[in-house]
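A.B. asks: This structure is in structure tokens; I'll ask about it shortly.
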Amino acid sequence: MSHLNASSFDTIKRIIEEHKHHNGPIKLILHEIQNELGYIPFEAMKEMAAHLDVPISEIYSVVSFYTQFTLEPKGKHVLNICMGTACYVKGAQALIVKFEELTGAKLNSTSENGLFSLDSTRCLGACGLAPVAVLDGVVFANAVNNPSLEYKVRDILHQEERKASENYGQS
């Protein structure tokens, strides 16, 4: 295991052991690994392939098919912007441009400081509230005209700047 620490590796092994005897355990194991580690590392797929006696390509095909799985670590805060038809028509693209600039994260990636991940998502099933964005599990309706999402992101940025300056002053 190249870049995983021992604790992460132990977590992966524990999850595989807990579920390897269930019928169709791949998706269940992947969900648990992502819940624990925040993403699906390649090393986890290799370990699953070895313990479940399936080709790694089968595991990778599941990871790449389902959009809820990610192969890259996410930022401390995750902002999802719905790109379903209703949201797109009502300005979701403008939200992406705005929050790329504000967070420093490009679409479907994480900011260099690791603070934000900015992701597009398919329909969230809240078309009457379009355009919809979700920040750390909190839904923001009519996000183009609703300033609360921008205020929340700016508050997070301000808190992080304050922490950084406090830490700088202590060193």
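The values are calculated or read from the model by the stated rules, or taken from the named source; none is laboratory data. Quick caveat, the model's predicted, so the values are computed rather than measured. No Cβ is skipped: glycine too gets one built from the backbone with ideal geometry, and neighbour counts run over all protein chains shown.
A.B. asks: So which residues in the range 35-60 are within 17 Å of the chain's Cα centre (by Cα) and surrounded by fewer than 19 Cβ atoms within 10 Å (Cβ to Cβ)?
C.D. replies: Once the filter is applied, which keeps residues that are within 17 Å of the chain's Cα centre (by Cα) and surrounded by fewer than 19 Cβ atoms within 10 Å (Cβ to Cβ), the range 35-60 yields Asn35, Glu36, Leu37, Gly38, Tyr39, Phe42.
A.B. asks: Shifting gears a bit: With respect to Glu101, determine if the residue is assigned to a helix (DSSP H, G or I) and either surrounded by fewer than 16 Cβ atoms within 10 Å (Cβ to Cβ) or in contact with a Lys or Arg (Cβ under 9 Å, 6 or more places away or on another chain) (or both).
C.D. replies: The answer is yes for Glu101.
A.B. asks: Out of curiosity, is Leu118 in contact with a strand residue (DSSP E or B) (Cβ under 8 Å, 6 or more places away or on another chain) and more than 20 Å from Lys76 (Cβ to Cβ)?
C.D. replies: No, not satisfied.
A.B. asks: Moving to a separate point now. Report, ordered by the first and then the second residue, all pairs with beta carbons closer than 7 Å, sequence separation of six or more or different chains, a first member in the range 13-32 that is within 12 Å of Ile59 (Cα to Cα), and a second member that is loosely packed, with under 12 Cβ neighbours inside 10 Å.
C.D. replies: Filtered contacts from the range 13-32: Leu28/His22.
A.B. asks: Here's a follow-up. Conditions first: (1) assigned by TED's automatic domain parsing to the domain that holds Cys123; (2) farther than 29 Å from Asn113 by Cα; (3) in contact with a Ser or Thr (Cβ under 9 Å, 6 or more places away or on another chain). Ala49 passes all but one, so which condition is the exception?
C.D. replies: Only one criterion in (1) assigned by TED's automatic domain parsing to the domain that holds Cys123; (2) farther than 29 Å from Asn113 by Cα; (3) in contact with a Ser or Thr (Cβ under 9 Å, 6 or more places away or on another chain) is unmet by Ala49, namely (1).
A.B. asks: Scan (1) within 15 Å of Lys27 (Cα to Cα); (2) touching a Phe, Trp or Tyr at 6+ places or on another chain (Cβ under 9 Å); (3) of a type in the set (Gly, Ala, Ser) for the single condition Ser61 breaks and write down its number.
C.D. replies: Condition not satisfied by Ser61: (2).
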